[in-house]
Structure formats: C-alpha cells, structure tokens
Amino acid sequence: MANIYDGAFRTILNDCRKLIIPVINEIFGETYTGEEEIRFFPNEHFLDQQDEADKERITDTNFTVFGKVPKKYHVECESSLPDRKITIRLFEYDTQIALDEGEVTEETLTVTFPNTAVLYLRTYKKTPDKMKYVIVTPGGTVRYDIPIMKVQTYSLDDIFEKGLLMLIPFYIFSHEKGFPEFNHNEQKLAELKAEYQKILERLDELEQQGAIGAFDKRTIIELSGDVIKEIAQKYENVQKGVGDMMSGALIETSARTILSQGINQGISQNQRETALRMLQDGELPIDKIAKYSGLRIEDVEQLAGLQTV
C-alpha cells in the first residue's frame, strides 16, 4: 500500500529532519551546509468547498529552511504511475500552503508559494523529468517547473557520496523488477543480500565517523525493513533473506547501544538531547519518544516535566 511508503517518508523526515538537506540541495541546486534550522509546519490543510464540507488534504512535507534567506519547501513522495491528478493535487496543496501564511495589508493579499518537488519511488516510461505550472492571471502569466527526483536513477555510490541517506529505505525499488528471479535463484538472492550488507557496513562507518547518529542509523534500518516487508510481500524468500537481515541489524544496533552505554548508568547526553528535541517538536506521544530515544517512559516523562518548569 502506498501509505506504507508515505508513512516511511514522513517518519524519516520528522525524526531525522537533517537528512532532507542533501536531498533539497540535489533537487533544487541549493548549497545548504546542514547546519540550518528546519521548521516543519502542519501537514493537514482544508480546502474550502462552497457546496459541501471542507475537504482535507494531507501533504507529505511542509517546511522552511532558514538559510541566508528563509525558503519554504513542499516535497511529495509518489509510488504510483504519473497522471494528471498528481499535478492538480500538488497545486491544491501549494495554494493552501500559500494561503495559510498569506498576509493582507491594506486590502492587498500577498501569498508565497513553496518550492515544490516530487520524489518518485518507481520510474515508468511516462515519468517526466519535471512538471510545470502555468498560471494565467489578468496581470500576466506565471510559469515555473516542479522538479522530479527519481529514486531508481541513483546507485548506492550516488546515495552515499551525495549524502542522500533518506533514500536508503526506498533503494529496494531499484530491484523490484528482479524479485521473481531473486525469489527462485539463491545466487541472485545472495548478491542482493551482499548489497544490503554493504549498506549496513557503510552506515556503521558513517556512525563511527560521527556523520550520522545512532538514532538516524536505527531509523534508516527500521524503515528499510518496513518498506521491504511491504514491497516484497509476495516473495517470501526476498522478505526473509533481506528483510530478516535488516531486522537482525536492528536488534544488533540496539544491543550494541545498550552494551556501550552500560545498563543502569543513567541517561546519556545523546539520548537526552534526542528525547528533548522530540518533546520540543510536540509531534510524538511519550511512548513513541521513549521507543525512538531508547529511554524508559518514566525518563521521558521526567524530561517533559523539566520542560514545563
């Protein structure tokens, strides 16, 4: 189901938001360093319907990057075949995002449209390299492109060299057409498993270098497993071969964290900062924050209490 992939996309953005910066640089040709503040805004928007109840629209992302000049971005994740409905839906989202923050001064309405892009998990012959808006107004015609990022065009080397780590959970889409062969050919399946073993090793290296944190690595591995489980549900050997490998890596990562920190030695600075950051965002319940930060629920509740003092 597409919502599994949408959910994975939203999760990695909300929980590991710095990973979006290299993607924004790649899509829009920006030069952000990764140190910029990123502020997310509500994804739910309601379209005003004159003769019926307001229609809810939920965007995949709606955030601002505060570089030298603050810029608003809207990125959608798609796994379906391109059609005209996607372009219309994008424009509806963009219009509502612009209206939500519009300003009226002396009867002059000023709206700012976001920088919009689409990340396609699957690439078809009909998948374009870009979409386009043409807005005809009494004051003139406005035209601009909506860039498209095609996950399947990026090799593993591309992903790691460009820092596009948030694409890793969706890398399996590059092998989707080969599932029937992987499922019946042990040698081919072994090659796929070796590729994913390499992914795990490279993530370990990045963690050891301090390029990513343990939480980011764990999230990437967990979401990769979720996506593999969904996309390969008709191919038992692929699910078990690659899916179980990611599950094993997840368990090993948790065990290694506990071992390195020592049991009952209190809360590490990294765990505390992770939990506090999620509490400040206010987007996750206490039990989820405890799960993702590796703390006990009681510890998170204590940190939440400190915030209100």
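Check whether at least one residue in the range 157-178 is outside any helix (DSSP H, G or I), surrounded by fewer than 13 Cβ atoms within 10 Å (Cβ to Cβ) and of a type in the set (A, V, I, L, M), and report yes or no. Looking for residues that are outside any helix (DSSP H, G or I), surrounded by fewer than 13 Cβ atoms within 10 Å (Cβ to Cβ) and of a type in the set (A, V, I, L, M), one finds none in the range 157-178, hence no.
Among the candidates 128, 147, single out the residue that is in the same structural domain as residue 6 (by TED's automatic domain parsing), more than 20 Å from the chain's Cα centre (by Cα) and under 18 Å from residue 26 (Cα atoms). Spell out the reasoning first.
Values: 147 fails: more than 20 Å from the chain's Cα centre (by Cα).
When all the criteria are applied, what remains is 128.
State yes or no: is residue 111 loosely packed, with under 13 Cβ neighbours inside 10 Å and not assigned by TED's automatic domain parsing to the domain that holds residue 199? Judged against the criteria, residue 111 is not a match.
Name, by its number, the condition in (1) in a strand (DSSP E or B); (2) modelled with pLDDT under 90; (3) crowded, with 16+ Cβ neighbours inside 10 Å that does not hold for residue 61. It is condition (1) that residue 61 fails.
Just to verify a result, which residue in the range 203-252, among those that are in a helix (DSSP H, G or I) and basic (Lys, Arg), is farthest from the chain's Cα centre (by Cα)? Write out each step before concluding.
Within the range 203-252, the subset in a helix (DSSP H, G or I) is 203-209, 214-231, 236-252.
Those left that are additionally basic (Lys, Arg): 217-218, 229, 240.
Numbers: 217: 13, 218: 14, 229: 18, 240: 25 Å.
Among residues in the range 203-252 that are in a helix (DSSP H, G or I) and basic (Lys, Arg), the one farthest from the chain's Cα centre (by Cα) is 240.
A Cβ distance below 9 Å, combined with a sequence gap of six or more or placement on separate chains, defines the contacts here; from the range 276-303, residues that are closer than 20 Å to residue 214 by Cβ and assigned by TED's automatic domain parsing to the domain that holds residue 213 reach no residue that is in a loop (DSSP other than H, G, I, E, B) and acidic (Asp, Glu). The strands (runs of 3 or more DSSP E) found entirely in the range 64-144 that carry 2 or more residues being hydrophobic (A, V, I, L, M, F, W, C) and touching a residue at least 24 places away in the same chain (Cβ under 8 Å) are 70-78, 115-120. Considering only residues of the range 1-56 that are assigned to a strand (DSSP E or B), within 28 Å of residue 211 (Cβ to Cβ) and in contact with a helix residue (DSSP H, G or I) (Cβ under 8 Å, 6 or more places away or on another chain), which is modelled with the lowest pLDDT? Filtering first and then ranking leaves 40. Only residues that are surrounded by 18 or more Cβ atoms within 10 Å (Cβ to Cβ) and either touching a residue at least 60 places away in the same chain (Cβ under 8 Å) or over 22 Å from the mean Cα position of the chain (by Cα) (or both) were counted in the range 191-202, giving 1. For the range 85-125, give me each residue that is under 19 Å from residue 24 (Cα atoms) and of a type in the set (S, T, N, Q). 112, 115, 116 - these are the residues of the range 85-125 that are under 19 Å from residue 24 (Cα atoms) and of a type in the set (S, T, N, Q).
The values are calculated or read from the model by the stated rules, or taken from the named source; none is laboratory data. If you're wondering where the values come from, they're calculated on a predicted model, not measured in any experiment. Reconstructed Cβ throughout: ideal geometry from the backbone, glycine too, with neighbour counts over all protein chains shown.
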